[in-house]
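Report on the structure given below.
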Amino acid sequence: MINIKNDDQIAGIRDSCHILADTFDYVEKHIEEGITTGEINKLTNDYILKRGGKAAFLGYGGFPGAICASVNDTVIHGIPDSTKLKSGDIIGIDIGIDFKGFFSDRAMTYPVGKISDEARILLEVTEKSLYKAIDAAIAGNRIKDIGKAVTQCVKPYDFGIVYDFCGHGVGLAVHEEPSIPNYYPYRGFNPRIKPGMVLAIEPMINLGTGEVEILDDDWTVKTSDRMLSAHFEHTIAIFSDHTEILTSK
């Protein structure tokens, strides 16, 4: 069932999202060569607690981190550890916040030092596909229009679109219906987008194949060919006359 949020609920989710936007501003300052993903995790968790929230991913389904820290060929769900970032890396940071029972979700992929041209283009195209998807997420359209926008943006570059994971509803829980695939065409549930929906849209785009595999830790998702992957995400709210990016200030 899709939760349609009322104005008060959207206001609460917006507050959570604005704290998350501030959290990313804080985290970005610490993305540099030599820092470990575990150190980024601690800095992030401390900041979220200071702002009165809780890291929504910590303990969710047994996940051990406050953030997902996905380096290079890790698509999503990278577990923070002692891995040191080095120049040329890219790192996807995915963070969710529970603020007074309202949930927000956002992801960014950052360059570390000087990255290759192919990595830079991958980041630019993936982020562009997110905003094309948001443009398609308007009242009256259907969920498939979101994936269609991603596919049309990415296709000219021959990058791999991840099929096995997708966006989702959010706001009153970490994950809600509907699922939001990033590819088109697809078969499956295709509801109309309605005012009151709050959605986490998150293209995951690979430099090579779109195929992925899950490591033995049951969390870390890698590209099957071990080529780079990028991930960008925003939480948005649908209104009758506009769509608001809640995790942007």
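The values are calculated or read from the model by the stated rules, or taken from the named source; none is laboratory data. Treat the numbers as computed from the prediction; the structure is a model and nothing was measured. Neighbour counts are summed over all protein chains in view; Cβ atoms, including those assigned to glycine, are modelled from backbone coordinates with ideal geometry.
Restricting to the range 137-147, and then to whatever is touching a strand residue (DSSP E or B) at 6+ places or on another chain (Cβ under 9 Å) and on the phi < 0 side of the Ramachandran plot, can you tell me which residue is surrounded by the most Cβ atoms within 10 Å (Cβ to Cβ)?
Ile146
Residues of the range 188-201 being among the small types (Gly, Ala, Ser) and either modelled with pLDDT of 95 or more or part of a strand (DSSP E or B) (or both), which ones?
Correct list: Gly196, Ala200.
Just give me the residues in the range 48-60 being in a helix (DSSP H, G or I) and either under 16 Å from Pro80 (Cα atoms) or touching a Lys or Arg at 6+ places or on another chain (Cβ under 8 Å) (or both), in sequence order.
Ile48, Tyr60
I'm trying to understand the selection: among the residues of the range 204-228, which are within 24 Å of Gly62 (Cα to Cα) and either assigned to a strand (DSSP E or B) or within 17 Å of the chain's Cα centre (by Cα) (or both)?
Answer for the range 204-228, where residues must be within 24 Å of Gly62 (Cα to Cα) and either assigned to a strand (DSSP E or B) or within 17 Å of the chain's Cα centre (by Cα) (or both): Met204, Val212, Glu213, Ile214, Trp219, Thr220, Val221, Lys222, Thr223.
Go through the range 108-117 and give me each residue that's under 18 Å from Pro80 (Cα atoms) and either in a loop (DSSP other than H, G, I, E, B) or in contact with a Cys (Cβ under 8 Å, 6 or more places away or on another chain) (or both).
Once the filter is applied, which keeps residues that are under 18 Å from Pro80 (Cα atoms) and either in a loop (DSSP other than H, G, I, E, B) or in contact with a Cys (Cβ under 8 Å, 6 or more places away or on another chain) (or both), the range 108-117 yields only Val112.
What residue, among those in the range 98-126 that are charged (D, E, K, R) and surrounded by fewer than 17 Cβ atoms within 10 Å (Cβ to Cβ), is nearest to Thr247 (Cα to Cα)?
Ranking the candidates gives Lys100 first.
Between a residue in the range 192-211 that is more than 15 Å from Thr126 (Cβ to Cβ) and among the small types (Gly, Ala, Ser) and any residue that is in a loop (DSSP other than H, G, I, E, B) and modelled with pLDDT of 95 or more, which pairs come within a Cβ distance under 6 Å, given they are 6 or more apart or on different chains?
Filtered contacts from the range 192-211: Gly196/Ile4; Gly196/Lys5; Ala200/Val170.
Residues being outside any loop (DSSP other than H, G, I, E, B), without any contact (Cβ under 8 Å) to a residue 60 or more places away in the chain and over 15 Å from Thr235 (Cβ atoms): count how many of those fall in the range 160-187.
2
Here are some conditions: (1) of a type in the set (Asp, Glu); (2) part of a helix (DSSP H, G or I); (3) within 17 Å of Met227 (Cβ to Cβ). Asp145 meets all but one. Which one does it not meet?
Asp145 satisfies every listed condition except (3).
What is the number of the single condition among (1) of a type outside the set (A, V, I, L, M, F, W, C); (2) under 15 Å from the mean Cα position of the chain (by Cα); (3) farther than 24 Å from Ile19 by Cβ that Asn141 does not meet?
Checking Asn141 against (1) of a type outside the set (A, V, I, L, M, F, W, C); (2) under 15 Å from the mean Cα position of the chain (by Cα); (3) farther than 24 Å from Ile19 by Cβ, the one that fails is (2).
Please go through the range 24-47 and give me each residue that is surrounded by 15 or more Cβ atoms within 10 Å (Cβ to Cβ), in contact (Cβ under 8 Å) with a residue 60 or more places away in the chain and part of a helix (DSSP H, G or I), ordered by number.
Phe24, Val27
For the range 235-249, give me the residue count where each residue is in a strand (DSSP E or B) and either among the acidic types (Asp, Glu) or more than 16 Å from Ala11 (Cα to Cα) (or both).
Matching residues across the range 235-249 total 1.
Restricted to the range 1-20, and to residues that are closer than 12 Å to Met197 by Cβ and buried (at least 19 other Cβ atoms within 10 Å of the Cβ), which residue is farthest from the chain's Cα centre (by Cα)?
Across the range 1-20, the extreme among qualifying residues is Lys5.
How do the pairs read when you match residues in the range 112-125 that are in contact (Cβ under 8 Å) with a residue 12 or more places away in the chain with residues anywhere that are in a helix (DSSP H, G or I) and among the β-branched types (Val, Ile, Thr), using Cβ under 8 Å and keeping only pairs 6 or more apart or on different chains?
Note: pairs meeting the criteria are Val125/Val154.
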